[in-house]
Every structure is written in structure tokens, then in C-alpha cells.
1. Write down Rg/Rh for the stretch 43-90, rounded to two decimals, with Rg from the C-alpha atoms and Rh from the Kirkwood relation over Cα pairs.
2. Across 10 Å bins from the origin, how do the percents of Cα pairs in the stretch 304-389 run, short distances first?
3. What is the distance, in nm, between label points placed 7 Å from the Cα along the Cα-to-Cβ direction at N37 and at S179?
4. Relative contact order (percent) for the stretch 114-169, with alpha-carbon contacts under 8 angstrom and 6 or more residues of separation?
5. Once every DSSP H run of n ≥ 4 in the chain is given -39500 (n - 2.57) and the sum is divided by its residues, what mean residue ellipticity at 222 nm do you get, rounded to the nearest 500 deg cm²/dmol?
6. Place the peptides 208-214, 289-295, 79-85 in order of packing, highest mean first, counting for every residue the other Cβ atoms within 10 Å and averaging per peptide.
7. Could you grab the relative contact order for the stretch 244-324? Cα pairs under 8 Å, six or more apart, rounded to a whole percent.
8. Test of the criteria: in the stretch 7-60, which trypsin sites (Lys or Arg not before Pro) are in a DSSP loop and have at most 12 other Cβ atoms within 10 angstrom of their Cβ?
Amino acid sequence: MHTQVAIIGAGPAGLLLSHLLHLNGIASVILESRSRNDIEATIRAGVLEQGTMDILLESGVGARMQSEGVVHHGIELAFGGRRHRIDLSELTGRAITVYAQHEVIKDLVAARLAADGKILFEVSDVSLHDLQGESPSVHYTHQGEPARLLADFVIGCDGFHGIARPSMPQHLRQDFQRSYPFGWFGILVDAPPSSEELIYAQHQRGFALVSTRSLTVQRLYFQCDPKDDVKHWSDDRIWSELNTRLECADGWALKEGKIFQKSIIGMRSFVSTPMQHGRLYLAGDAAHIVPPTGAKGLNLAVSDVRLLARGFEQFYKKGSQELLAGYTETALKRVWRAEHFSWWMTSMLHTFADASPFQQQLQRAELEYVVSSRAAATALAENYVGLPL
């Protein structure tokens with residue numbers, strides 16, 4: 001089998017890239033190790049920047065997001081028993097939409113299959129070959145049979161643990177990483193939203209986040225030991241901890257309900273460069289990871305594949321490789337800005353066990369400055385809604 005662009009991974013990055021290429025008349029094949037049901041059922045957070053919303057709408061896959069997603073014009077920072085609203089739209093003229101990642105995936109899969117797009121699910125034994133030549137190939141097994149896919153280019157959209165990044169020459173690659181000494185304990189709850197907007201709470205016992213998934217499901221998080229086990233946390237203990245960290249003097253309170261999912265996620269900042277070598281390009285989590293505090297992961301993936309789609313359009317329609325050649329440099333400008341913002345939000349809102357009293361007071365002073373200074377609030381808002389693409 002031959003195609004113009006071989007894509008490894010049917011996450012948001014791979015699916016959106018395939019869709020954008022299709023709109024420009026460029027053929028692609030997606031190889032995915034999981035089943036369609038698995039990728040559509042894996043519940044992940046989804047805070048979409050204005051630019052991400054625009055791309056989905058402009059490419060014809062944003063109708064359900066527009067009708068079912070919830071547009072938020074602000075967020076709240078809570079600390080010291082008080083809540084402070086950051087008016088995103090007033091400060092920037094833009095907003096965000098809360099629309100879960102797995103719903104984005106459903107929309108993109110449906111769009112690709114409706115256009116007879118080629119997605120091979122449940123492939124295994126994937127390996128990349130001849131990435132320096134003009135005809136790279138992907139070897140894999142599908143439905144028990146070995147196969148080979150020839151392509152002009154190979155795009156690794158297979159996440160942090162995928163095979164694409166390790167296929168880059170080790171001596172040319174440089175990885176930057178920070179692992180945080182805490183994780184997030186996340187729960188899904190059968191209950192209506194406790195707040196119209198997201199609440200980011202800083203407390204001496206640790207960070208907490210109030211979010212939503214729908215009119216009947218809440219998504220809540222609180223800072224925890226990444227090595228902890230969900231079995232140690234009863235429902236009563238979870239609600240007690242959340243209520244303590246989110247207590248406010250204005251009488252606001254969480255709406256409790258049946259907890260139907262519990263999970264713990266670790267937190268890291270990670271960037272691998274270059275994001276390209278020969279005919280191999282990396283996008284999304286294959287090249288970079290951000291802690292979820294800044295809500296940037298999915299949005300960075302969208303930014304990456306938008307750059308790649310423009311590069312391939314230029315290559316196939318004009319015979320120029322200028323945009324593709326500059327992909328790493330252009331993409332990393334946005335990546336490092338998002339890495340800094342996510343690190344800053346994480347550092348400002350989380351409790352660090354080794355923080356001295358002096359450092360704790362600096363953290364509080366920074367929070368007070370952000371909610372009292374229009375300039376500081378605007379800087380947060382600009383980054384949160386996403387800088388222009």
C-alpha cells in the first residue's frame with residue numbers, strides 16, 4: 001500500500017492532520033494500535049483555546065462542539081477563602097470551550113470515515129524504515145497479517161510512549177524534562193456543575209480544580225502523591241478533602257454526587273527537539289508534554305498539525321519545502337511559550353512539600369498580584385485562551 005503521508009496514531013493530532021490533508025487533496029493513512037472503541041471511550045480533559053475552536057469550525061468538524069460544548073468567558077482563582085474572577089473575554093476578546101477530548105476524537109473519526117479516509121485500528125509490531133530517503137516505509141501487522149505502507153512522509157502522532165520519537169537518531173536528539181513531585185487525583189461525578197466556570201484553588205493542603213464535562217457530570221481534581229493508590233481514597237475521604245481545599249467565605253459549596261471514576265495522573269514537563277529528521281516529523285505528545293494546569297496539551301497538538309498541514313500543502317501544490325524545513329523552529333516557539341505558562345500556573349497554584357515559609361509567602365504574593373493587577377491578569381488570560389496562531 002502507498003500513500004502520501006503515513007500517520008502513526010489516531011489521537012487528536014493524527015486525526016486532525018489527516019482531515020486537514022484531505023481537505024487539501026492530500027492522501028494519508030492512519031495506523032492506530034488501539035480499537036476505535038478504545039480511543040473514543042478514553043475520557044480526557046478538553047479545554048479548547050479560541051484558535052483550536054476556530055480550526056475545528058473552519059474545517060467542518062466543529063458543529064457538535066458548537067452545540068454541546070460550553071463556552072467559558074472567565075476562570076476563577078481561589079485562595080485564602082476567597083474567589084477571584086479572571087474575565088478572559090473582557091481582557092482578550094476571546095474565550096475557551098469546555099469540550100472533552102474524546103468527543104473531539106469521535107467527531108474526527110466520523111469525519112474521516114465519512115470521507116472514506118483510511119484508519120487501520122489494532123495494528124501491532126509497527127516499525128519505521130528508510131526515513132532518510134524519499135520513500136520511507138512503515139512495517140506493521142494488521143488482522144494477523146504482516147504489511148508494509150510506503151509513503152512520502154511519516155508523522156509520529158503516537159504520544160509520549162510511542163515508537164516515532166525513539167526512531168529519531170539518538171545523537172541528534174535533545175530532551176528537556178521536569179517531573180513534578182505531585183500528581184492529580186481525578187474523579188468523575190454524577191452531579192450538575194458546581195460552578196459556571198473553572199475554579200483553580202490554591203490551599204496549604206494542595207491544589208484543587210473544579211471543572212465540568214456536561215450538565216450532569218462534573219470533573220474534579222486535587223493534588224496528591226503520584227505514588228498513591230485510588231484504593232486508599234473512599235468517597236467520604238475525597239469529598240472531605242475537596243471541601244476543605246475549596247472552602248470559601250461567600251458560602252459557595254461543591255455539589256456532591258456519585259463518583260463513578262477515580263484515577264491518578266503524574267505530572268511532567270517535556271520537550272524533545274528537533275521535531276523532525278529526514279522524512280519523519282513529530283506532533284503532539286510525541287514531541288512535548290505539559291502539566292495539565294495550563295490546559296495546553298490538546299491545543300499544542302492542534303497547533304503542530306496546522307503547521308504540518310500548511311507545509312504539506314505548500315510541498316504538494318508548489319513544490320516548496322520551506323515551511324516543512326522550518327517546522328521545528330516555528331513549532332517550538334509556541335511549545336516553549338506553553339511550557340512556560342503551564343509551569344508558571346503549576347508553580348503558583350500547587351503546594352510544594354519542600355517550600356520554605358519565605359517561598360510560601362512569595363507564592364501568595366504572586367496570586368494577590370495576578371488578581372489585583374489588570375496587566376498581570378491580562379498576561380494570564382492571553383496565555384490561557386491561546387495566543388493567535
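1. Rg/Rh: 1.10.
2. Values per bin, smallest distances first: 15, 32, 23, 16, 11, 3, 0.
3. Each label point lies 7 Å from its Cα, and together they span 3.4 nm.
4. Details: 69 pairs, mean separation 13.9, N = 56.
Relative contact order for the stretch 114-169 comes out at 25 percent.
5. So the helix-based figure for the chain works out to -11000 deg cm²/dmol.
6. Per-residue mean Cβ counts within 10 Å order the peptides as 289-295, 208-214, 79-85.
7. Computed over the stretch 244-324, the figure is 18 percent.
8. Nothing satisfies the criteria.
Rule-based calculations on the coordinates, nothing more; no lab input. Since this is a predicted model, take the numbers as computed values, not measurements. Heads up, the Cβs are rebuilt from the backbone with ideal geometry, glycines too, and the neighbour counts pull from every protein chain shown.
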